[in-house]
Amino acid sequence: MLTEVDDLPEDSGADEEQALFEHHNLKISKGQVSLRIDKFIMMQIANSTRTKVQHACEAGFVLVNGKPVKSNYKIKPLDEISIMLTVPPRSVEVIPENIPIDIVFEDDYIVLVNKKPGMVVHPAYGNYTGTLVNALAYHFENLPKSRSKLNHDLYLERPGLVHRIDKNTSGILIIAKTELAMTRLSKDFYDRTMDRKYMAICWGDLKQDSGTITANVGRNLRNRKVMDTFPVDSEHGKHAVTHYKVLERFGFITLVECKLETGRTHQIRVHFKSIGHPLFNDNEYGGDQILKGLNTAKYRQFVQNCFDILPRQALHAKTLGITHPITGEKLFFNSEVPDDMVQVLEKWQRFTKERDS
């Protein structure tokens, strides 16, 4: 991010106006508090530093509402920030890698895969290899490509990718094999016609057997790396709805099925945190602490053993219902719950039986 600014010569000797290319565009929300622009950009863009941002401001490469600003400029609600450089954004080459993938279904137009926990879906800062996209590039030729911006001044060609799930969330994903399939599947996701269900383990004993969580989801106003919930009438975040029903109760934890009406980043995780039931071992939203149970060394060790078996948030994308992008047929796909979640559920079943006996 912004490394080209540090490499610019002091005087190019050119009289003509130098072409600039936009690498980032940041729109300030209505509720944003006043903040120096160098600090704000550093918080927003991964791998940036305050010094690099200040150099970019000095070079006239940071614009607010179309005009260059100094690094001490205080951002205001509804400002639009453009970060410009003298070179066009670079694309990250996706390197094909022979990584095994679990294919649930495949025809000439689509592929359904069951992503294992811990696998990053697509390359990003810090994860350029070993991702699902690298595996797809190896196993399939000529996949259609969508272009997305990474968290710095790079663009990524994402072969076949229609949607994604978090690195530490396991489960089912759909891949497009043709341009037409990509276009139609992307529209289905945008129109919310996909039927997506997840299995999750959350802390606590939910009062109701079923329910709906409705709250806007957006970046946390203090820590942009995590998400937060906001009131439905708030100017912050985007509308988000999660329906849930209880599958099994264990007293101190609950196994639930979640149906997404919308698909926001970390939606299930942040929604359940908002109602006081973070997902089991979710280290970003407080679920990696013992939130319910007994105040005994034996119980603490039991929970720690479960954390060791399941070193991630207990969330699995279990099923996906789609309309086939070419045939129009209604299809429903199911994925196996991974071993780490199965083992933890079995341990809690034994624990509950022993506690109640």
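The values are calculated or read from the model by the stated rules, or taken from the named source; none is laboratory data. Fair warning: this is a prediction, and the values are worked out from it, not measured in the lab. Don't worry about glycine lacking a Cβ; one is built from the backbone with ideal geometry, like all the others, and counts go over all protein chains shown. Surface areas here come from the heavy atoms of the whole protein model, side chains and all, with no ligands, DNA or RNA. Shrake-Rupley method; radii C 1.70, N 1.55, O 1.52, S 1.80 Å.
Compute the signed sum of charges (Lys and Arg +1, Asp and Glu -1) over the other residues within less than 11 Å, Cβ to Cβ, of residue 255. Show your work: numbers first, answer last.
On the way: positive: 245, 249; negative: 248, 257.
After counting each charged neighbour, the total is 0.
For every other residue with a beta carbon closer than 10 angstrom to the beta carbon of residue 240, add +1 if it is Lys or Arg and -1 if Asp or Glu, then tell me the sum.
Residues close to residue 240 contribute a combined charge of +1.
Starting from the Cα-Cα distance between residue 355 and residue 142, subtract it from 0.36 nm times their residue separation and give me the gain in nm to one decimal.
71.1 nm is the gain from fully extending residue 355 to residue 142.
For the chain, with all protein chains present and a 1.4 Å probe, just round the carbon and sulfur fraction of the accessible area to a whole percent. Please list the in-between numbers first.
Values: 8520 of 18240 Å².
With neighbouring chains kept in place, the figure for the chain is 47 percent.
Expected output is a single nm value to one decimal: the length gained when fully extending between residue 207 and residue 44, i.e. 0.36 nm times separation in residues minus the C-alpha distance. What is it?
Here the segment from residue 207 to residue 44 would lengthen by 54.9 nm.
Based on the Cβ-Cβ distance of residue 103 and residue 183, what FRET efficiency does E = 1/(1 + (r/R0)^6) give at R0 = 25 Å, to the nearest 0.05?
Values: r = 22 Å, r/R0 = 0.90.
Efficiency, rounded to the nearest 0.05: 0.65.
When the chain is fully extended, how far beyond the present Cα-Cα distance does residue 221 get from residue 342, taking 0.36 nm per residue of separation?
Once the chain is fully extended between residue 221 and residue 342, it gains 40.0 nm.
Describe numerically, in nm with one decimal, the distance between label points set 7 Å from Cα along Cα→Cβ at residue 72 and at residue 324.
Result: 6.6 nm between the two label points.
Which entries in the list 116/197; 39/187; 207/292; 298/353; 116/273; 273/318 go over 26 Å, if you measure between the two C-alpha atoms of each?
Over 26 Å apart, Cα to Cα: 39/187.
For the chain, what class follows from the C-alpha gyration tensor (a ≥ b ≥ c being the square roots of its eigenvalues): rounded when a/c is under 1.5, otherwise prolate if a/b is larger than b/c, else oblate?
Prolate, because a/c is 1.5 or more and a/b exceeds b/c.
Using the heavy atoms of the protein chains alone and a 1.4 angstrom probe, what is the accessible area of the chain per residue in square angstrom? Write out the running numbers ahead of the final one.
On the way: 18240 Å² over 357 residues.
Per-residue accessible area for the chain comes out at 51 Å².
Just to confirm a number: summing +1 for Lys and Arg and -1 for Asp and Glu over residues other than residue 339 whose beta-carbon lies under 11 angstrom from that of residue 339, what do you get? Walk me through the numbers on the way to the answer.
Details: positive: 116; negative: 336, 340, 346.
Taking every Cβ under 11 Å from that of residue 339, the sum is -2.
If r is the Cβ-Cβ distance from residue 25 to residue 233 and R0 is 30 Å, what FRET efficiency results, to the nearest 0.05?
Step by step, r from the Cβ atoms, then E = 0.65.
For an R0 of 41 angstrom, estimate the FRET efficiency from the Cβ-Cβ distance between residue 195 and residue 300 and round to the nearest 0.05.
Working: r = 40 Å, r/R0 = 0.96.
Efficiency, rounded to the nearest 0.05: 0.55.
Between rounded, prolate and oblate, where does segment 187-263 land on the alpha carbon gyration tensor, with a ≥ b ≥ c its root eigenvalues, rounded for a/c under 1.5, else prolate if a/b exceeds b/c? Numbers along the way, then the final one.
Working: a/c = 2.18, a/b = 1.35, b/c = 1.62.
Because a/c hits 1.5 or more and a/b fails to exceed b/c, segment 187-263 counts as oblate.
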